[in-house]
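The values are calculated or read from the model by the stated rules, or taken from the named source; none is laboratory data. This structure is a prediction, so every number in the text was calculated from the model and none was measured. Every residue, glycine among them, receives a Cβ derived from its backbone with ideal geometry; neighbour counts consider all protein chains shown.
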Amino acid sequence: MKIAIVKNYYGDFGGEETGGNVPKEYTADSTAWPLWEVFIRSKQGLDHKHAGSLKAADAQMAIENARDVYTRRQEGVSLWVVESKYIHASNPDDAESLYEPAEDKIYRHPTFYDLPDEIKHM
Amino acid sequence: MQLHDLEKKFQEKIDKEIKIEPKDWMPEAYRKTNVRQISQHAHSEIVGMLPEGNWISRAPSLKRKAILIAKVQDEAGHGLYLYSAAETLGTSREQMIDDLHSGKAKYSSIFNYPTLTWADMGAVGWLVDGAAILNQVMLCRTSYGPYARAMVRICKEESFHQRQGFESLLVLSRGTPEQKAMCQDAINRWWWPSLMMFGPKDSESTNSDQSMKWKIKRKTNDELRQSFVNMAVEQVKLLGMTLPDPDLKWNEATKNYDFGEINWEEFWAVVKGNGPCNKQRLAARNKAHKEGAWVREAALAYAAKKAAREKAA
């Protein structure tokens, strides 16, 4: 038996002859939206945690886009967005002077103290 | 610090499996390789929506339509995660999009093949997404932090893409003689292009050595391709279909399936822009971007107006 398969040589095939090295007719910059950072609270009682970033024209749109992009599978119950330019970060070159002094202060950890095994609830 | 000292310290971090973060010092070539690879990856997600978007209005049932819409929406999100990761390396979204639209930047060649029947949606999910997942799982451990984090998020979502594809083929494989024939035909057309997705042979690949040393990649093209073949050979049996390669044979010595030679001439032709749909894909992207310009402008104007009103109140 001969079986004929219907193939759709339209829509996804043929047609358009343009494309590739299309001359630019405008500069994209004039319509570009600012960048936002997205923070998600995954469930009630937990901190908001950085999830990623996205582009949006304003805060309301950033929240709507964050909802669409980052919480499609019940990843969160609350969203924060902040425009990326308002985030200030520490410099990685300062990491030694900032964080290393804590290394020799092991007495700040409970395990530093040697106590008898008999002691309970401590 | 001298440049070679910085490079030495950088390599030590990589060797110790310490992730590289955006503000850390990195060799210019490391930055460039990551920008190229991450943006290419982002473009692939975006262009990958085109052949699938074509089938949303032609899906055979409401269930399949809903699944397809969800999948296409995921791809848009994956593109966004990756563009954001690339942006942390100092390139801009606008620059990347311009490079895609001008044809300067590449995207995965697989999307330059047409989807001719509904069975192609299943084959794309099973084979194309299956091949992509092998690469993506490896990239969850890539050395650049933002790229690795984007990949973790992507992998969580991608598994549904492959499973829905296989299930869709499974339904066809148990259907009418026409549906069975469609299923086999789609597998025949997508098998070889899927193998090509892993890129040139290790012996021909120019960027591989350095990328392995920097742990951007952790497995070679040939290693990934071989694992894909080994998995697919077993999975196709469950469909009661065959893979279109007479040279497929279990090799007891290597514990792998040997497979036939890929048509590298075709591979390079498609990479260079001469695949069946290269022109059409770029035309569709350019058109969408151009025709969407007023939406981006209107959103900005609306945001500015709202901000001014809030200030006045």
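Listed here are the residues, each with its yes/no results for (1) within 9 Å of another protein chain (Cβ to nearest Cβ); (2) over 21 Å from residue B:30 (Cα atoms); (3) surrounded by fewer than 23 Cβ atoms within 10 Å (Cβ to Cβ); (4) touching a residue at least 24 places away in the same chain (Cβ under 8 Å).
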residue: B:116; (1), (2), (3), (4): yes, yes, yes, yes
residue: B:121; (1), (2), (3), (4): no, yes, no, yes
residue: B:125; (1), (2), (3), (4): no, yes, no, yes
residue: B:128; (1), (2), (3), (4): no, yes, no, yes
residue: B:131; (1), (2), (3), (4): no, yes, no, yes
residue: B:138; (1), (2), (3), (4): no, no, yes, yes
residue: B:162; (1), (2), (3), (4): no, yes, yes, yes
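Checking residue B:229 against (1) within 14 Å of chain A (Cβ to nearest Cβ); (2) under 19 Å from the mean Cα position of the chain (by Cα); (3) on the phi < 0 side of the Ramachandran plot; (4) touching a residue at least 12 places away in the same chain (Cβ under 8 Å), which test does it fail?
For residue B:229, the failing item is (1).
Output the helices (runs of 4 or more DSSP H) that fall wholly within the stretch B:239-313 and possess 1 or more residues being within 12 Å of chain A (Cβ to nearest Cβ) and more than 25 Å from residue B:186 (Cβ to Cβ), or say none.
Values: elements: B:264-269, B:278-291, B:293-312.
It comes to B:278-291, B:293-312.
Consider the stretch B:72-127. How many of its residues are under 28 Å from residue B:168 (Cα atoms), of a type outside the set (A, V, I, L, M, F, W, C), in contact with a Pro (Cβ under 9 Å, 6 or more places away or on another chain) and not in a helix (DSSP H, G or I)?
Residues flagged as under 28 Å from residue B:168 (Cα atoms), of a type outside the set (A, V, I, L, M, F, W, C), in contact with a Pro (Cβ under 9 Å, 6 or more places away or on another chain) and not in a helix (DSSP H, G or I) within the stretch B:72-127 amount to 3.
Is there a residue being under 19 Å from the mean Cα position of the chain (by Cα), at pLDDT below 95 and buried (at least 18 other Cβ atoms within 10 Å of the Cβ) anywhere in the stretch B:59-74?
Scanning the stretch B:59-74 turns up no residue that is under 19 Å from the mean Cα position of the chain (by Cα), at pLDDT below 95 and buried (at least 18 other Cβ atoms within 10 Å of the Cβ).
Quick grid of which residues meet (1) within 14 Å of another protein chain (Cβ to nearest Cβ); (2) surrounded by 15 or more Cβ atoms within 10 Å (Cβ to Cβ); (3) touching a Leu at 6+ places or on another chain (Cβ under 6 Å); (4) more than 30 Å from residue B:102 (Cα to Cα):
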| site | (1), (2), (3), (4) |
| --- | --- |
| B:10 | yes, yes, no, yes |
| B:16 | no, no, no, yes |
| B:20 | yes, yes, no, yes |
| B:26 | yes, yes, no, no |
| B:44 | no, yes, no, no |
| B:47 | yes, yes, no, no |
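Looking only at residues in the stretch B:54-71 that are at the interface with another protein chain (Cβ under 9 Å from one of its Cβ atoms) and assigned to a helix (DSSP H, G or I), which one is nearest to residue B:284 (Cα to Cα)?
B:54
Can residue B:106 be described as basic (Lys, Arg), surrounded by fewer than 21 Cβ atoms within 10 Å (Cβ to Cβ) and in contact with a helix residue (DSSP H, G or I) (Cβ under 6 Å, 6 or more places away or on another chain)?
Values: basic (Lys, Arg): yes; surrounded by fewer than 21 Cβ atoms within 10 Å (Cβ to Cβ): yes; in contact with a helix residue (DSSP H, G or I) (Cβ under 6 Å, 6 or more places away or on another chain): yes.
Yes; evaluated as a whole, the condition is true for this residue.
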